[in-house]
Each structure stands twice: as C-alpha cells, then as structure tokens.
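Undergrad: First, the structure itself, so that you have it in front of you.
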C-alpha cells in the first residue's frame, strides 16, 4: 500500500487535502493565518471604534488587514473577551457571534434586511 501524499494549495485559507487509499481527497484542515504581531493572540481591539475582534472567527466584514495597516489596534492581557470588556471594548457581532445590533459595515451601507 502506498502512503497518503499531501496536496498543498498555494492560497491562504484553502483546505489541505490528503489522498486516501483510492486517491480520493480527504480534508485535513483549513489554513488559518493571523496577523504577524498577533500570532499568539485570539482577541484584538480596534481603538477607533472600541470593538474587539476574534481572530479565529474573523470575517471580511471585520477588515483585520485594514486594522493592522492603520496601527490602531490593542492587545489584551490576559487574552480573553472578558479582559477586552473590562477595558471598554464591545464584542464585534460579525466575528464574536454576540448580539448587539448590526455590524458597523452593514449599518453604514444600509444593506441590512430583517427577515
């Protein structure tokens, strides 16, 4: 029997496959990348609007790359949502899964529809 071989995909956030015994791909994991300065942190705060983002569940709405470029971010110690709240940050609804209204990007574009 031939051992499974890994097939690497060149783009970020793409699945990594292993070939099974009959050549069918089997999903191993999805590559998750964090900003270089926050590779060991889960939560990052946005000083401009006082939202805290969960880097493990960040979406395009969160605009983490834009936040890193602006250099208006904060880290928390200990790295927890409770500590971010203690410092006055509100959980960002798009990535923390918390209720609290519409995310800022949706609210400014008016694309929010209730259903």
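Nothing in this text is a laboratory measurement; each read-out follows from the coordinates by a stated rule. Only a predicted model underlies this, so the values are computations on that prediction, with no experimental measurement involved. Cβ placement follows ideal geometry from the backbone for every residue including glycine, while neighbour counts extend to all protein chains displayed.
Undergrad: If each residue's Cβ is checked for other Cβ atoms within 10 Å, how do 96, 59, 36 rank with the fewest at the top?
TA: 36, 59, 96
Undergrad: Order these by the 10 Å Cβ neighbour count, fewest first: 92, 40.
TA: 40, 92
Undergrad: Which percent of Cα pairs goes in each bin when the distances of the stretch 30-82 are cut into 10 angstrom slices starting at zero?
TA: Bins of 10 Å from zero give 24, 64, 12, 0 percent of pairs.
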